[in-house]
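Colleague: Sharing a structure here in structure tokens format.
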Amino acid sequence: MPNHPTQPEWSPDSWRALKAAQQPAYPDPAELEAAVTELASLPPLVTSWEVESLMQQIAEAQEGKRFLLQGGDCAETFDECRSPSIASKLKILLQMSLVLTHGSGKPVIRAGRFAGQYAKPRSEDTETRDGASLPAYRGDIVNAPDFTPQARRPDPWRMVQAHARSAITLNFIRSLVDGGFADLHHPEYWDLDFVQHSPLRDEYRRITREIGQSLRFMETLAGAPVHEMRRVDFFTSHEGLLLPSESAQTRRVPHKPGWWDLSTHLPWIGYRTAVPGEAHVEFFRGIRNPVGLKVGPGTTPQRLVELLAALNPSDEPGKIVLIHRFGAHEIAKGLPPLIAAVQAARRRVLWICDPMHGNTDRVTIPSGPQAGTQVKTRKFDHILAEVEQAFEIHGMKDSVMGGVHFELTGEEVTECTGGARGLSDEGLMAAYRSRVDPRLNYEQALEMALRIARRLGR
Ligand code: PEP
Ligand code: CO
């Protein structure tokens, strides 16, 4: 069903006629077709009723009644489809959501960047080392990172492997959410040692004490442990970058009109592919899922209005999540005109802030065995400054700042600097593991949630 009667006919494959940015050049069309046919025949990862439930919750968030927390790795990898890393990611997201619920007084919608976050946009199609050029690494769903012709060859069967890894990840997440999460509802069991290093330790302690008290109060009222009172919802999200994979997982379902991208609940269009008239916008205008859209310094107000008209012509509630990612130094200039344009066009959206992608720095490791190595990093204070400005700006413009989007992990990596323990550039190589963007570690992510809760509670 076309999303809009006046627009040309849509189908899960109508994007193929248009310019598609950021796609790998698969060397063998027959192999690509075989892989896509296989992927299209496999059962979906999510269901249409889960997608509808998320959409309803996003509609409520648009009215200021819920807050959205979206977070996870910049890129998942096939290697890291492991129980400790999945469980710790879920744990930090749940803990952050409890902190944010406490701060905002609103239920928090949780969307992981997981169970499908395998495709990455790249600034160049090829990478050159010592005079040799190979296809860029585009994420495990496309090729492998080693710098050899074999590893870098785009392999369409990786889409089928990614589907399997996503299913394994999601199966584990669903089981944990259904049963094994009791302890996480109790801040007494959280790893809060870092708090003592912060000048805000008393406030952090007060917040976590209050969360513990209110959870115990709820349990007393219900006469049952919190985790038995209500199953917590976790939704999945990923950048809908690799279109052959998204379209192969787009299905009709019985008794409902339209098409559903059942690879995830909440796909988003990345900053580099949000171009009206091109393939990504064409594909995403036709599906029934809610759709995220990254906007930033290069998004003009006119383009944003055009994108919203294409993606949600009937202004359906719960349909659009606008994820702004300007950077702490750009947001004050860039965000107000976009808010004004959305208000003037009377468009219903959920605004959320991604304070990661506009705040990426490159630093040279100053000392130690890896002195001289260049790495990507982000400063805790820049990330926090962007979120705080986002609250200010939305407040001033009578708009709702309805959520946050982070790159984070539940593990003790050293990729972003700052936070209570004051990680410095010197400390970055201790446990720098990301192949792509730097993530907040467990403590930094929890501290970020505490800072936001403090801001929300004001
Ligand atoms: C991302 O979210 O990992 C990403 C690539 O972001 P953006 O499209 O905003 O640059
Ligand atoms: Co990223």
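The values are calculated or read from the model by the stated rules, or taken from the named source; none is laboratory data. Quick caveat, the model's predicted, so the values are computed rather than measured. So basically every Cβ, Gly included, is an ideal-geometry build from the backbone, and we count neighbours across all protein chains shown.
Colleague: If a residue must be away from ligand 1 (no atom under 14 Å from the Cβ) and surrounded by fewer than 22 Cβ atoms within 10 Å (Cβ to Cβ), how many such residues does segment 263-280 contain?
Modeller: 4
Colleague: Then there's this: Hey, among the residues in segment 343-359 that are more than 15 Å from ligand 2 (Cβ to nearest atom) and without any contact (Cβ under 8 Å) to a residue 40 or more places away in the chain, which one's farthest from residue 403 (Cα to Cα)?
Modeller: Step by step, filter segment 343-359, then rank; the result is 344.
Colleague: On to the next question. Residue check: is residue 128 among the hydroxyl-bearing types (Ser, Thr, Tyr) and either under 28 Å from residue 83 (Cα atoms) or part of a loop (DSSP other than H, G, I, E, B) (or both)?
Modeller: So residue 128 fails the test.
Colleague: Does residue 98 satisfy the criteria of being assigned to a helix (DSSP H, G or I) and over 23 Å from residue 357 (Cβ atoms)?
Modeller: For residue 98, the condition - assigned to a helix (DSSP H, G or I) and over 23 Å from residue 357 (Cβ atoms) - is met.
Colleague: Give the residues of segment 113-135 that are of a type in the set (A, V, I, L, M) and surrounded by 22 or more Cβ atoms within 10 Å (Cβ to Cβ), sorted by residue number.
Modeller: Just the residues of segment 113-135 that are of a type in the set (A, V, I, L, M), to begin with: 115, 119, 132, 134.
Correct list: 115, 119.
Colleague: Quickly run through segment 288-310 and pick out the residues that are of a type outside the set (Gly, Ala, Ser), away from ligand 2 (no atom under 16 Å from the Cβ) and free of Cβ contacts under 8 Å to residues at least 60 places away in the same chain.
Modeller: 291, 299, 300, 301, 302, 303, 304, 305, 306, 307, 308, listed by residue number.
Colleague: Quick test for you: out of 136, 151, 132, pick the one residue that is of a type outside the set (Ser, Thr, Tyr), over 26 Å from residue 261 (Cα atoms), within 15 Å of ligand 1 (Cβ to nearest atom) and free of Cβ contacts under 8 Å to residues at least 24 places away in the same chain. Lay out the reasoning, then the answer.
Modeller: Working: 151 fails: within 15 Å of ligand 1 (Cβ to nearest atom); 132 fails: within 15 Å of ligand 1 (Cβ to nearest atom).
Result: 136 is the single residue among 136, 151, 132 that is of a type outside the set (Ser, Thr, Tyr), over 26 Å from residue 261 (Cα atoms), within 15 Å of ligand 1 (Cβ to nearest atom) and free of Cβ contacts under 8 Å to residues at least 24 places away in the same chain.
Colleague: Among the residues of segment 357-401 satisfying the criterion of being basic (Lys, Arg) and either farther than 27 Å from residue 122 by Cα or more than 16 Å from ligand 1 (Cβ to nearest atom) (or both), which is surrounded by the fewest Cβ atoms within 10 Å (Cβ to Cβ)? It would help to see each step written out before you state the result.
Modeller: Going residue by residue through segment 357-401, those that are basic (Lys, Arg) are 362, 376, 378-379, 397.
Filter again for either farther than 27 Å from residue 122 by Cα or more than 16 Å from ligand 1 (Cβ to nearest atom) (or both), leaving 379, 397.
Working: 379: 20, 397: 17.
My answer is 397.
Colleague: Give me a count of the residues in segment 261-273 that are in contact with a strand residue (DSSP E or B) (Cβ under 6 Å, 6 or more places away or on another chain) and either among the hydrophobic types (A, V, I, L, M, F, W, C) or away from ligand 2 (no atom under 16 Å from the Cβ) (or both).
Modeller: Qualifying residue count, segment 261-273: 7.
Colleague: Just to be sure, is residue 31 within 25 Å of residue 275 (Cα to Cα) and among the acidic types (Asp, Glu)?
Modeller: No, not satisfied.
Colleague: Could you list, in sequence order, all residues of segment 420-436 that are under 13 Å from residue 379 (Cα atoms) and not in a helix (DSSP H, G or I)?
Modeller: Across segment 420-436, the qualifying residues are 420, 421, 422, 423, 424.
Colleague: Is it the case that some residue within segment 31-47 is under 28 Å from residue 145 (Cα atoms), in a loop (DSSP other than H, G, I, E, B), within 16 Å of ligand 1 (Cβ to nearest atom) and touching a His at 6+ places or on another chain (Cβ under 9 Å)?
Modeller: no
Colleague: State yes or no: is residue 69 assigned to a strand (DSSP E or B) and either out of contact with any strand residue (DSSP E or B) (no Cβ under 6 Å at 6 or more places or on another chain) or within 16 Å of ligand 1 (Cβ to nearest atom) (or both)?
Modeller: The answer is yes for residue 69.
Colleague: Answer with yes or no whether residue 381 is among the charged types (D, E, K, R), more than 16 Å from ligand 2 (Cβ to nearest atom) and over 19 Å from the mean Cα position of the chain (by Cα).
Modeller: The answer is yes for residue 381.
Colleague: Another question, then. Going through segment 437-458 one residue at a time, which ones are out of contact with any His (no Cβ under 8 Å at 6 or more places or on another chain), outside any helix (DSSP H, G or I) and surrounded by 17 or more Cβ atoms within 10 Å (Cβ to Cβ)?
Modeller: 438, 439, 440, 441
Colleague: Which residue pairs have Cβ atoms under 8 Å apart, sit 6 or more places apart or on different chains, and have a first residue in segment 68-86 that is of a type in the set (Val, Ile, Thr) and a second that is within 12 Å of ligand 2 (Cβ to nearest atom) and not in a strand (DSSP E or B)?
Modeller: If the second residue must be within 12 Å of ligand 2 (Cβ to nearest atom) and not in a strand (DSSP E or B), the pairs left are 77/435.
Colleague: Further question on the same structure: In segment 393-420, what residues are under 17 Å from the mean Cα position of the chain (by Cα) and either closer than 11 Å to residue 353 by Cα or more than 16 Å from ligand 2 (Cβ to nearest atom) (or both)?
Modeller: Restricting attention to segment 393-420, the residues satisfying the condition of being under 17 Å from the mean Cα position of the chain (by Cα) are 401-410.
Listed by number, the residues that qualify are 401, 402, 403, 404, 405, 406, 410.
Colleague: Here is a follow-up. Filter segment 89-117 down to the residues that are among the polar types (S, T, N, Q) and touching a helix residue (DSSP H, G or I) at 6+ places or on another chain (Cβ under 7 Å) and list them by number.
Modeller: 95, 104
Colleague: Before we move on, is residue 156 buried (at least 19 other Cβ atoms within 10 Å of the Cβ), modelled with pLDDT of 95 or more, farther than 20 Å from residue 403 by Cβ and out of contact with any Pro (no Cβ under 7 Å at 6 or more places or on another chain)? If you could, list the steps in order and put the result at the bottom.
Modeller: Numbers: buried (at least 19 other Cβ atoms within 10 Å of the Cβ): yes; modelled with pLDDT of 95 or more: yes; farther than 20 Å from residue 403 by Cβ: yes; out of contact with any Pro (no Cβ under 7 Å at 6 or more places or on another chain): yes.
Considered against the rule, which asks whether it is buried (at least 19 other Cβ atoms within 10 Å of the Cβ), modelled with pLDDT of 95 or more, farther than 20 Å from residue 403 by Cβ and out of contact with any Pro (no Cβ under 7 Å at 6 or more places or on another chain), residue 156 comes out as yes.
Colleague: I've got another one for you. Look through segment 281-310, keep the residues that are within 21 Å of residue 340 (Cβ to Cβ), away from ligand 1 (no atom under 16 Å from the Cβ) and of a type outside the set (S, T, N, Q), and return whichever of them is nearest to the chain's Cα centre (by Cα).
Modeller: Of everything passing the filter in segment 281-310, 308 is nearest to the chain's Cα centre (by Cα).
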